[in-house]
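Colleague: Here's a structure for you.
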Amino acid sequence: MKESRLEVAEVFRQYGARFLSRWGHTVSASQRKALHDLAACRTAALGGRLERCDSCAHRVVAFNSCRNRHCPKCQSTSRDRWLAKQAQQLLPVPYCHVVFTVPKALAYLGLQNQRRFYALLFRAVAETLLTIAADRRHLGARLGFLAVLHTWSQNLLHHPHVHCLVPAGGLALDGSRWITCRPKFFLPAQVLSCLFRKKLLAFLKVAFAEGKLQFSGQLAGLADPATFHSWLDPQGKPKWVVYAKPPLHGPQHVLQYLARYTHRVAISNGRLVSLADDRVHFRWRDSKDGKRLKIMSLEAVEFIRRFLLHVLPVGFVKIRHFGFLANRNRAQALALCRQHLHSGAHDLSLSELLTPEQRQAMERRCPHCRQGTLHLVALLSVEELMIYMHPTTAADFIDSS
C-alpha cells in the first residue's frame with residue numbers, strides 16, 4: 001500500500017491543542033479559524049457529499065473541503081478557475097516580473113498592523129510603478145499590472161513582499177499609441193527602490209499621525225511620537241530591495257508563471273518531509289547559500305506558529321490590479337491596447353493551460369466515464385458517510401456513538 005504523504009493538516013491535528021495552550025492568547029480570530037479549518041479539511045468533521053454523474057449515473061462520495069484560502073489542499077481548483085479568466089486579459093507583449101520587499105524592522109511593524117500595513121504596501125508599490133513609468137525620462141506611459149502579496153520566506157518567517165506582473169510597455173499618456181520598453185530593460189530598479197522607500201515611509205508617518213497604527217510587545221515604546229520618528233527615519237537609509245526578473249514571452253509562459261504566485265500559501269504539502277519526535281522536517285532554499293536546497297527541522301508547535309503568521313485578515317484582498325488593469329476601466333483599456341497592438345483577445349483553450357487532471361477537477365468530470373459532469377445529490381452527515389464508505393461497520397459505529 002502506498003504510504004500517505006504528510007500534510008500540514010496532520011501537523012495541525014496532532015499539535016493544534018498544544019499550540020493553543022502555549023500561544024492561544026496571541027491568536028487572532030482568523031488564525032484560530034485557519035487552524036480549525038485546515039485540521040478538519042476533507043475529514044468527517046466537515047461532513048461530506050454525494051455526487052452523481054449525469055451521463056453514466058456513477059456515484060462519488062467525498063469529504064467536504066474547508067475552502068480556506070490558506071489551505072494547501074484547497075487552492076488548486078480556485079487557481080485554475082482564476083487563470084482561465086486571466087487568459088482573456090493577456091496582451092501580445094513580453095511581461096516583466098518586479099518584486100518589492102521591505103526591511104526586517106518594518107516587517108515587525110507590519111505583523112502588528114497587518115490590514116493597515118499591507119494596504120499601504122500595495123499603495124506604495126502601485127504609486128511607485130505608475131509614477132516612474134509615466135515619467136518621460138523612463139517610459140512616458142500608463143502601466144497596467146497585477147500585484148500579489150506574499151508574507152513569507154522559505155523558512156516560514158515573516159517577510160512581506162509584493163510580486164508584480166507587468167506588461168513590458170504601456171499606453172501613451174494621451175492614449176494615442178502603445179509604448180514598448182527597451183529590449184531587456186523595464187524600469188531602473190534603483191529609481192524604483194528610492195521612490196518606493198520614500199512613499200511607504202511617508203504613508204506610515206501619516207498613518208501614525210492619524211492614530212491608525214498599533215504597538216505592543218517589543219514595539220510598545222513606538223507609541224510615543226518622538227520614539228516612533230527616531231525609529232522610522234533611519235529605515236530610509238539602507239537600500240530597499242526591488243528587483244526585476246527577465247521578461248516572459250508568450251501567454252502560456254505568463255500564465256504558468258502566474259500560477260506559481262497567485263494562490264500560493266506559506267508552505268505546500270509537497271515540501272514536507274516527515275513528522276517525528278515532535279518536529280516537522282521540510283525542504284527549503286537558503287538564499288544566503290546560493291539557494292541550495294536544504295532540510296529544516298522545527299518543533300511542531302513552532303511550525304504552526306510560523307505558518308499562522310501568514311494568515312491574512314478576513315476579507316483582505318491579496319491579488320490586486322492597478323493602472324489600466326484596474327477593475328473600473330479594464331475592459332475599455334484592454335480594448336484600446338489591443339487596437340494599438342493590432343491584436344485580438346487571446347483564445348487559449350483549457351487544454352493549453354491545464355493538465356487533464358486539472359481540467360477534470362475544474363469541470364467536475366466523472367472519473368468513471370470521463371464524459372459526464374458530477375452534480376451534487378445530497379450533503380451527508382458523519383453517519384451517512386460511514387454507511388457509504390464502510391457499510392459493513394457502519395452499524396457498529398452508529399451504535400457506539
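Colleague: Going through the stretch 166-180 one residue at a time, which ones are farther than 21 Å from residue 86 by Cβ and either assigned to a loop (DSSP other than H, G, I, E, B) or at pLDDT below 90 (or both)?
Modeller: Result: 173, 174, 175, 176, 177.
Colleague: Say we look at the stretch 241-255 and pick out the residues that are over 27 Å from residue 197 (Cα atoms) and assigned to a loop (DSSP other than H, G, I, E, B); which of these is modelled with the lowest pLDDT?
Modeller: Per the criteria, the residue is 250.
Colleague: Sticking with this one: Can you name the number of the only condition in (1) surrounded by 12 or more Cβ atoms within 10 Å (Cβ to Cβ); (2) over 30 Å from residue 342 (Cβ atoms) that residue 244 fails?
Modeller: The failed condition is (2).
Colleague: Take the conditions of a type outside the set (Val, Ile, Thr), in a helix (DSSP H, G or I) and surrounded by 16 or more Cβ atoms within 10 Å (Cβ to Cβ) and apply them to residue 258. Does it pass?
Modeller: yes
Colleague: Restricting the search to the stretch 272-298, which residues are under 22 Å from the mean Cα position of the chain (by Cα) and within 22 Å of residue 10 (Cβ to Cβ)?
Modeller: 272, 282, 283, 284
Colleague: Can you pull out every residue in the stretch 131-157 that is in contact (Cβ under 8 Å) with a residue 40 or more places away in the chain and either in a helix (DSSP H, G or I) or not assigned by TED's automatic domain parsing to the domain that holds residue 257 (or both)?
Modeller: 131, 132, 133
Colleague: (1) over 16 Å from residue 301 (Cβ atoms); (2) free of Cβ contacts under 8 Å to residues at least 40 places away in the same chain: which one isn't true of residue 28, the others all being true?
Modeller: That leaves (2) as the condition not met.
Colleague: Also: Pairs only if they're at least six apart or on different chains, beta carbon under 7 angstrom, first in the stretch 207-230 and without any contact (Cβ under 8 Å) to a residue 60 or more places away in the chain, second of a type in the set (Ser, Thr, Tyr); list them, first residue then second.
Modeller: Listed by first residue and then by second, the contacts come to 221/227.
Colleague: Please verify whether residue 171 is more than 23 Å from the chain's Cα centre (by Cα), in contact (Cβ under 8 Å) with a residue 12 or more places away in the chain and in the same structural domain as residue 90 (by TED's automatic domain parsing), treating the condition exactly as stated.
Modeller: yes
Colleague: Filter the helices (runs of 4 or more DSSP H) completely within the stretch 1-112 down to those with at least 1 residues that are more than 25 Å from the chain's Cα centre (by Cα) and surrounded by fewer than 20 Cβ atoms within 10 Å (Cβ to Cβ).
Modeller: Values: elements: 8-23, 29-40, 76-86, 104-112.
Counting at least 1 such residues, we get 8-23.
Colleague: Going through 208, 203 one at a time, which residue ends up being in the same structural domain as residue 112 (by TED's automatic domain parsing), at pLDDT 80 or above, surrounded by 14 or more Cβ atoms within 10 Å (Cβ to Cβ) and more than 25 Å from the chain's Cα centre (by Cα)?
Modeller: None of the other options fit; the residue is 208.
Colleague: Within the bounds of the stretch 48-60, is there any residue that is assigned by TED's automatic domain parsing to the domain that holds residue 372, touching a helix residue (DSSP H, G or I) at 6+ places or on another chain (Cβ under 8 Å) and either within 30 Å of residue 338 (Cα to Cα) or not hydroxyl-bearing (Ser, Thr, Tyr) (or both)?
Modeller: Yes, the conditions are met somewhere in the stretch 48-60.
The values are calculated or read from the model by the stated rules, or taken from the named source; none is laboratory data. The model shown is predicted, which means the values in this text are computed figures rather than measured ones. Neighbour counts run over all protein chains shown; Cβ positions are idealised from the backbone, glycine included.
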